[in-house]
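The structure appears below as structure tokens.
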């Protein structure tokens, strides 16, 4: 069933159900009221009959005159005046007057009583005459008002429900159409968006909050998809270039060496050139494979408790071995009192690799100027800052720094493959951490790494 049909059915059912329930309550109350009202009419007639027939003063004449002039006669109306004689039971009195015995018993107990048999209603009162003679005065009649009025009410209800049904269906159709219009508009706009038109975005009205949220969420998804497509395109383009360059050099060098017979020294030189290019190709291939491996969720990795201060010092030692002349400085001025607060859960080798990549980049792109590694903490995270005073990153290129093989436009004089930062980000993500980069061209870069103190993957 279509959504629109379900909306029409749901709205119609709910509104029609409420109307039927409301009308049913009204019908029951009116029905009860018609009984109560008719019993009241009978009670008035019984009382007026008792006063007019059993009182000997002038008021009886007045009551008879009032009754004849103002009280219309009911359908099959009958009056019964029964003297309560001693020695006769209620059953005997009921049989003599062809009256229900339950009515007589209820009147005797409560001074008044009512009874219904089919559509004939009885109402009687207990009356004590001037001579202190007890009587039961009963009036019975056919309840024409109930039959006539309730039949009329039923006809009105039936016609009203028919008319209401038509109105409800039309109203539901109009409401469903109005509710579906924004969805149709979004559907039509989405149909125009393809892999070649990811720049398109959904238009929406601010006053329609739910549709605005839906369109906004979809636009955010399109932003991520567009970025992903651009990243993939850049990756393919850059990877093709980076892998093709050493392959071209290897093939070219081999072709040159094979064009004619050469001396041993020339062959050695050619083989050395081929070896250099092959090593570059090997490093790039390994970097790509490692990058692909760290793109997974890290469930197969082993995590244990790692002291971040010791990790930073190990990274400093690695940098010292590679570049003994480095100016990397460690700032531990904000260390907490307890060393237990410096422990996080993670894979020490991966964290060491990630931090090494950042520190070595800072060393390289700052031309061996001062690089500071600082360690701080918040309530639930340990924060590592790596600050340099190097060439920085152009502001409009920061969004591409995590694309594999991407290198900023001002790094042409520096060697590199553009794998370090994407690899580092993957490692940090595996550890449920965050990495932020703030950079100003020719002033330096600050990289902030936030790692949670507790992590579900920990294995002591």
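For the stretch 202-215, the criterion of being exposed (fewer than 15 other Cβ atoms within 10 Å of the Cβ), assigned to a helix (DSSP H, G or I) and modelled with pLDDT of 75 or more is met by at least one residue. Of the strands (runs of 3 or more DSSP E) lying entirely inside the stretch 106-197, the ones with 1 or more residues being surrounded by 12 or more Cβ atoms within 10 Å (Cβ to Cβ) and free of Cβ contacts under 8 Å to residues at least 40 places away in the same chain are found at 112-117, 120-128.
Screening the stretch 30-73 for residues that are modelled with pLDDT under 65 and surrounded by 15 or more Cβ atoms within 10 Å (Cβ to Cβ) and picking the one that is nearest to the chain's Cα centre (by Cα) gives 67. Scanning the stretch 317-362 for residues that are loosely packed, with under 11 Cβ neighbours inside 10 Å, more than 45 Å from the chain's Cα centre (by Cα) and in a loop (DSSP other than H, G, I, E, B) gives 324, 325, 333.
Criterion first (closer than 30 Å to residue 406 by Cα, at pLDDT below 80 and surrounded by 12 or more Cβ atoms within 10 Å (Cβ to Cβ)) does residue 218 satisfy it? No; evaluated as a whole, the condition is false for this residue. Residue 424 - would you say it is outside any helix (DSSP H, G or I), under 30 Å from residue 341 (Cβ atoms) and assigned by TED's automatic domain parsing to the domain that holds residue 340? No; evaluated as a whole, the condition is false for this residue. Within the stretch 388-399, can one find any residue that is surrounded by 15 or more Cβ atoms within 10 Å (Cβ to Cβ), in the same structural domain as residue 366 (by TED's automatic domain parsing) and in contact (Cβ under 8 Å) with a residue 60 or more places away in the chain? For the stretch 388-399, residues surrounded by 15 or more Cβ atoms within 10 Å (Cβ to Cβ), in the same structural domain as residue 366 (by TED's automatic domain parsing) and in contact (Cβ under 8 Å) with a residue 60 or more places away in the chain: absent.
Could you say whether any residue in the stretch 287-298 is at pLDDT below 90, farther than 15 Å from residue 350 by Cβ and not assigned by TED's automatic domain parsing to the domain that holds residue 342? Even if it seems obvious, please write down each step before you answer.
First, pick out the residues of the stretch 287-298 that are at pLDDT below 90: 287-298.
Checking the rest, the ones that are also farther than 15 Å from residue 350 by Cβ come to 288.
Imposing the further condition that a residue be not assigned by TED's automatic domain parsing to the domain that holds residue 342 reduces the set to 288.
Yes, that holds for at least one residue.
Comparison of 115, 135, 126, 146 shows that the only residue that is under 60 Å from the mean Cα position of the chain (by Cα), assigned by TED's automatic domain parsing to the domain that holds residue 17 and within 30 Å of residue 88 (Cβ to Cβ) is 115.
Hey, any hits in the stretch 384-396 for a residue that's assigned to a helix (DSSP H, G or I), over 21 Å from residue 419 (Cβ atoms), over 37 Å from the mean Cα position of the chain (by Cα) and at pLDDT 85 or above?
no
The values are calculated or read from the model by the stated rules, or taken from the named source; none is laboratory data. Just so we're clear, the structure is a prediction, and the values are computed from it rather than from any experiment. Cβ sites come from the backbone with ideal geometry, for glycine too, and all protein chains shown count toward neighbours.
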